[in-house]
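Q: One structure, as structure tokens, below. Some questions next.
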Amino acid sequence: MWSCEDLNYTDNIEEQHLCHDFHLILFVFSLLYLIVCFPTGLCYNVQLVLVNLYNKATMTMPDVYFVNMAIAGLIINAVAPVYLLGPDYTRWSLWNFGNEVYITLLILFNVSSLVIMYSTTLLSLDYYIECALPRTYMSSVYNTKHVCGFIWGGAVLTSFSSLLFYICNHVSTKIIECSKMQNREAADAIMVFIGYVVPVLAVVYAMVLILKIRKEGTPLDQDSGRLDPSVHRLLIVTVCTQFLLWTPYYITLLVNTFADVWVKSTDLKYMRIFQFIEGLSNFLAFSSSFVIPLLHRHINKNFHSKLQRLLKKLHCGNQGCPHERTAVQQVLT
């Protein structure tokens with residue numbers, strides 16, 4: 001992920017110290033992520049998925065979206081160690097552009113990032129529909145499951161366009177079709193537009209509608225079919241956190257689309273600073289895989305009771321707990 005080898009043959013002591021300082025900071029962040037964030041994200045994402053799958057009957061529309069974000073978070077959580085234990089730290093050549101494993105992991109990362117951003121976006125839009133038209137089942141669990149299926153399919157199909165650019169940048173220039181597509185910056189530009197610009201516009205639109213309808217105070221506000229009020233706080237926190245964590249990543253991706261022009265007009269010192277910022281932005285993007293399930297666990301007041309039911313089920317097995325059997329016998333008698 002970071003290397004100072006190209007500075008070993010220069011006499012610029014200041015640049016060497018700057019590079020090694022950046023290397024040390026990123027190394028500390030890497031260890032922190034691997035020791036704390038990686039197991040935390042793995043635990044909370046698996047927990048979120050299992051709890052909701054066990055309590056299918058009580059799942060709501062937001063729960064379905066959070067389950068999809070948790071699955072995508074698990075994929076990102078699996079990619080993160082390969083990136084953090086890259087060639088510049090361990091001489092391991094897996095995370096090296098042009099390597100087939102790198103391209104595969106990068107596509108998985110792109111698919112997961114698209115799923116996360118569009119799940120957040122559609123959660124906002126469906127929340128508005130539920131507020132405006134309760135009991136219409138337009139944002140029901142059944143429909144949401146099918147929508148999430150389209151999200152995953154659309155993310156895979158969208159990533160194929162980027163995949164073509166990555167592959168053609170890797171294969172020989174003798175292939176005529178690919179010789180015209182050897183442009184990694186085009187793949188980054190596609191991801192910025194589809195993975196960030198479109199979701200931002202949709203979320204802003206949804207938030208404006210939600211704020212507008214919450215100010216109107218209609219008789220439907222007391223409808224018992226509406227979502228729990230805490231869902232609104234969870235929605236706002238999730239949307240703000242997701243875009244806070246992913247915005248730096250997409251900004252650096254956008255800068256990379258103009259990399260050829262930028263590199264020619266920039267000295268090595270500023271390039272190092274940008275690479276350092278790029279590394280920190282990747283950490284923020286990876287951190288979404290454990291921050292979001294952590295927020296969901298602490299803000300969603302129904303999650304704790306669902307977790308307790310799952311733990312009791314695992315502890316007592318299929319026979320049921322003794323106090324549950326006693327309660328059933330009392331009801332029958």
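The values are calculated or read from the model by the stated rules, or taken from the named source; none is laboratory data. Note that the structure is predicted; figures quoted are calculated from it, not measured. Glycine also receives a Cβ, built like all others from the backbone with ideal geometry; neighbour counts cover every protein chain displayed. These area figures cover heavy atoms from the full protein model, side chains too; ligands, DNA and RNA do not enter into them. Shrake-Rupley method; radii C 1.70, N 1.55, O 1.52, S 1.80 Å.
Q: Can you flag which of K212/K301; K56/K301; K145/K306; K56/K313 are past 24 Å Cα-Cα? Numbers along the way, then the final one.
A: On the way: K212/K301 26 Å; K56/K301 17 Å; K145/K306 20 Å; K56/K313 14 Å.
Result: K212/K301 exceed 24 Å.
Q: Rounded to the nearest 0.05, what FRET efficiency do L294 and I35 have when you use their Cβ-Cβ distance and R0 = 25 Å?
A: Values: r = 16 Å, r/R0 = 0.65.
Efficiency for this residue pair is about 0.95.
Q: Top to bottom by accessible area (1.4 Å), largest first, where do K212, K145, K313 land?
A: K212, K145, K313
Q: Starting from the 7 Å offset along Cα-to-Cβ, what nm value, one decimal, do you get for the label separation of C240 and L201?
A: 2.6 nm
Q: Let me ask something else about it. Taking a 1.4 Å probe, which of M69, M271 shows the most accessible area, and what order do the others take after it?
A: Details: M69 10, M271 40 Å².
Largest accessible area first, the list is M271, M69.
Q: Report the label-to-label distance for V208 and I13 in nanometres (one decimal), using points 7 Å from each Cα along the Cα→Cβ vector.
A: Between V208 and I13, the label points sit 5.7 nm apart.
Q: So between I251 and Y142, what do we pick up on full extension, going 0.36 nm a residue minus the alpha carbon distance?
A: Values: separation 109, 0.36 × 109 = 39.24 nm, distance 3.57 nm.
Separation in residues times 0.36 nm, less the Cα-Cα distance, equals 35.7 nm.
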